[in-house]
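Asker: Once you've had a glance at the structure underneath, I'll fire off some questions.
The values are calculated or read from the model by the stated rules, or taken from the named source; none is laboratory data. What you see is a predicted model; the values in this text were computed from it and never measured. Neighbour counts are summed over all protein chains in view; Cβ atoms, including those assigned to glycine, are modelled from backbone coordinates with ideal geometry. For the accessible areas, the whole protein counts, side chains as well, though only heavy atoms, and no ligand, DNA or RNA atoms are used. Shrake-Rupley method; radii C 1.70, N 1.55, O 1.52, S 1.80 Å.
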Amino acid sequence: MLPSPLRNSRMLRGPWEDDLRRDAVKQLKAGRYDLFPLKDVQLLTDGLLRSFSGGFLRRDINPHTVECDELCFEALKELRGELWTYEAAIVSVLHVISAEEGRKHINGSRFKTEHDDEFALHQARAYLQCLVLAFRVRPEIFNKEVPIIANDLLLILKEFGEHERFPSVLRVLRAIEDGTCEDFLSKELIQIILRRTSYQQNLDRELRKLFREKNLFSIYCLVGGLRSIRAGTAAAELASEVIPHLEIWMPWTPNPSRIKIWDAQLKNESQIKQLHPVLELEGPDIKHHLETFRRSSPGQYGPEALRIPPRQGHYILDCLLQVFDKAVRKGEEAVSLFITLCVRNPRKISWMALDQVEAAVEACSPTDILKLDKYMRYLEGLSEHERRRNSIDMEVHRKSRLYEGIQVMAKALPVIQSSNRFRRTFGHVGDLEHRSARTMSDGQLELLEQLDTGRFNEAFAIQLGRLGGAMLRARWLHAHWSEAYVDMLQKIPNDLSISTIFKMIRESRDDPRIYCDALASTLGGCDPEEGDAETKTVEATIRLLSNPIWSVPMQDYDCNSLRDMLLREAMRGFSSKDATACVKQSQEEHNIFVREMRTFLAAAADTDANTDAVCIHLTNYLGVRCKDSTARTRIPAECWRQLLLHLMRCRPPGLLERCGPELPMEKWTEWTRNLQKLFGERHYDPEGGLGFTKDKFNAVTARKIGVGRMASTSTYSTTNSDRNA
């Protein structure tokens, strides 16, 4: 028993109480027990015990002693009438008193909560926060479920925002049934909290909203598992009071793992709305109160789904949900494909549609799944387009559908081609073998119209070329087409070739019709006119561009520019093989040589320049590079010599006859000597194709020598006459 001076002492009041009210009580009132200064209030109590003054002596009082319990009892008794302060004081002394004494003080606070009056909710908030904090200090006093249930009840007492989860009462019901928390959380306290917060009415509104949204996992978190509560228990009685429409939720037993994954993965609001016919199959059965809705009704899938024979003992709606689970795990693209094949028209559900989704989900990347999804949506939209055939905007709609069809088929065909499983499930959907050929033909007609009217559309041409390439690689479709049609597909150029041709159309100084005709004969599928050599030359150049050397990025500006010029010369008939060799060789040459060759080719393309002189200067430039080194002669690469021959062949006939009389003897000798160095005798006909022969060169040389002698004799005679005079 405490001595009288101690029993009457008010030493725990004053600064200690003021500190509690200033710091600790403020946090409890705000409901922020997570910010409660637990260590600070415990230090306050420790300091007071160490400096206790009783009678004439100052002495310490040891924790966990009878004297300490009596001292704390007297102090708390003085605060029992102060809400919040009393609960804060219990937490502050709990670490120094015995477990039994602590349990008594906590129960003393609990008794105040069982009065159902206007202060009931305030008393409950203070007590529940005290329980959570007390468990942190002395967990041995409580069952481990107590702070969890206390926290759930605090969430019920809290005012919730729009985007916060509605609090569940399920753990509270289970705790009542198990009797794990009855020492600290009585049924009366729980009933007061639920009744005073209008929990049943609020829960009913929340369940209706979640049911409209088909948010099954959130519903399950609120009312799932009620079937496990035993009838006739206090928990069952309380459940009937607080759970609205208990007869609906009690039998509902969905797959918790399934709906949890749906809740975690499905974030696209538009997709969720479209998926309602699927989600409701796993939802509650409002009418017949069975385990799930699909046990009593196929929903929007209608009686047609019930008539589909089972496969290996499994009904199609059960398998539908299994495939949907795989799609959800795969990602948003797979869910979109599932919606396209299995939800947009639920009355047409089939085993083939499930096989298609499953094949794509199990073997495709998200990008490829998206391509297949767009293709299947296109097929669905095309049937709608055919129903709108008589609309006013038919022509505009037809072209937009054509562009879409070319694009989606060009992307989907390589995916379908990639495996036997895809060819089996997607390979003949929508009459693909005929639809693709018809789309290609319509696209070629549109291209020809664009070329005729000058409405050049490079992007459209590239997409059409991609479709042709995809059809060529789709070998399982070739059996439905003629050999001539497959040969036409083989002539279709690649993206780089098409882009280069359009670049030539934009930049060339020549008539662009030659390039348009080449596109028409390769990409457009038209046969060139008989004897149209220029068009065939451009066609050969288009095939040349399939070599990667023409598309590899070049760091050097001169090499890149020279490559463009060589391509132009290929258009003019330069050998594709030699043009490609020149591009490769340019990367081995010195940059000065590349720059000079670029200058020569630019001059050769200039219609105002004297290109005869360009050929002569190029011959001399290459000839100078032929240097004797011991017994060997290093001459320029064969491709550069072939380029020189090509430039000379592009000149009008009579190059020798024009240059011979014009060139001074010294320049003539230099030119003929360099031709010999570079070609030996290959520049003579018939191999040269230039009209050059030995006799012609000798004749020009003889005339130049004769003219030189006559000029020399005339000069000699004039000099002698002057002397005689």
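Asker: With +1 assigned to the C-beta of every Lys and Arg and -1 to the C-beta of every Asp and Glu, and no other charges, what is the dipole magnitude of the range 337-458 about the Cα centre in debye, to the nearest 20?
Answerer: Dipole magnitude for the range 337-458 comes out near 360 debye.
Asker: Name the residue farthest towards the positive end of the dipole of the chain from the options Met554, Ala124, Ser499, assuming +1 on Cβ of Lys and Arg, -1 on Cβ of Asp and Glu, about the Cα centre.
Answerer: Going by the Cα projections, it comes out as Met554.
Asker: Over what distance in Å are the Cα centres of the range 248-291 and the range 431-479 separated?
Answerer: 45
Asker: Give me the accessible area per residue for the range 309-459, probe 1.4 Å, as a whole number in Å².
Answerer: Per residue, the range 309-459 has an accessible area of 48 Å².
Asker: Provide Rg over Rh for the range 431-476; use the alpha carbon set for both Rg and the Kirkwood Rh (inverse mean inverse pair distance). Working shown, then result.
Answerer: Numbers: Rg = 11.6 Å, Rh = 11.2 Å.
A ratio of 1.03.
Asker: Where only protein heavy atoms count, and the probe is 1.4 Å, what is the accessible area per residue for the range 238-289 in Å²?
Answerer: Accessible area per residue: 46 Å².
Asker: Still on this model: Where does each of 102-109, 148-155 land if you order them by average Cβ count within 10 Å, highest first?
Answerer: Order by mean packing, descending: 148-155, 102-109.
Asker: Over what distance in Å are the Cα centres of the range 572-614 and the range 114-187 separated?
Answerer: 89
Asker: Calculate what fraction, in whole %, of the accessible area of the chain sits on carbon and sulfur atoms when a 1.4 Å probe is rolled over the protein chains.
Answerer: Here carbon and sulfur together make up 50 percent of the probe-accessible area.
Asker: What whole number of Å gives the distance from the Cα centroid of the range 341-356 to the Cα centroid of the range 201-215?
Answerer: Using only Cα atoms, the two centres lie 30 Å from each other.
Asker: Nearest 500 deg cm²/dmol is fine: what mean residue ellipticity at 222 nm does the chain get from its DSSP H runs of n ≥ 4 alone, each adding -39,500 (n - 2.57), divided by its residue count?
Answerer: Result for the chain: -20000 deg cm²/dmol, rounded to the nearest 500.
Asker: Calculated FRET efficiency, Met665 and Gln587, Cβ-Cβ r, R0 25 Å, to nearest 0.05?
Answerer: Given R0 = 25 Å and the Cβ-Cβ separation, E is 0.05.
Asker: May I ask for the equivalent-ellipsoid semi-axes of the range 580-702, computed as the square root of five times each C-alpha gyration tensor eigenvalue and listed largest first in whole Å?
Answerer: For the range 580-702, the semi-axes come out at 23, 18, 14 Å.
Asker: Within a Cβ distance under 11 Å of Pro63, other residues only, what is the Lys/Arg minus Asp/Glu net charge?
Answerer: Working: positive: Arg50; negative: Asp46, Asp60, Glu67, Asp69.
Here the count lands on -3.
Asker: Still on this structure, please answer the following. Only Lys, Arg, Asp and Glu count, each charged at its Cβ (+1, +1, -1, -1), so figure out the dipole size of the chain about its Cα centre, rounded to 20 debye.
Answerer: Computed charge dipole of the chain: roughly 940 debye.
Asker: Full extension from Tyr315 to Ile261: what is 0.36 nm times the residue separation minus their Cα-Cα distance, to one decimal in nm?
Answerer: 17.2 nm
Asker: Could you calculate the FRET efficiency of Leu290 with Trp351 from 1/(1 + (r/R0)^6), where r is the beta carbon distance between them and R0 is 25 Å, rounded to 0.05?
Answerer: Efficiency for this residue pair is about 0.50.
Asker: Right, something else. Over the range 252-386, how many percent of alpha carbon pairs lie in each 5 Å bin up to the one with the longest distance?
Answerer: Going out from 0 Å in 5 Å bins, the range 252-386 shows 2, 10, 20, 23, 22, 14, 6, 3, 1, 0 percent.
Asker: Calculated from the structure, P(r) over Cα pairs in 20 Å bins from 0, in percent equals which of (i) 13, 24, 19, 17, 15, 9, 3, 1, 0; (ii) 14, 40, 31, 11, 3, 0; (iii) 15, 39, 35, 12, 0?
Answerer: The listed entry that was calculated here is (i).
Asker: Check each of the trypsin sites (Lys or Arg not before Pro) in the range 187-280 and keep only those in coil by DSSP with at most 14 other C-beta atoms within 10 angstrom; list them in order.
Answerer: Those satisfying the criteria are Arg230, Lys267.
Asker: Tell me whether the range 234-300 comes out rounded, prolate or oblate; compute the Cα gyration tensor, take square roots of the eigenvalues as a ≥ b ≥ c, and use a/c under 1.5 as the rounded threshold.
Answerer: It comes out prolate by the Cα gyration axes.
Asker: Could you tell me which of rounded, prolate or oblate describes the range 151-294, using a ≥ b ≥ c as the square roots of the eigenvalues of the alpha-carbon gyration tensor, with rounded for a/c under 1.5 and, failing that, prolate when a/b is larger than b/c and oblate otherwise?
Answerer: prolate
Asker: Using only C-alpha positions, report the orientation-averaged shadow area of the convex hull of the range 173-228, nm², one decimal.
Answerer: 4.4
Asker: How much accessible area per residue does the range 99-178 have, counting only protein heavy atoms and a probe of 1.4 Å, in square angstrom?
Answerer: It amounts to 48 Å² per residue over the range 99-178.
Asker: Let me ask something additional. Using only the heavy atoms of the protein chains and a 1.4 Å probe, how would Arg435, Arg673 rank by accessible area, largest first?
Answerer: Largest accessible area first, the residues go Arg673, Arg435.
Asker: Over all Cα pairs of the range 42-132, how is the pair count split among 5 Å bins, expressed in % and running from 0 up to the last occupied bin?
Answerer: Calculated P(r), rounded to whole percents: 2, 14, 24, 22, 16, 10, 6, 4, 1, 0.
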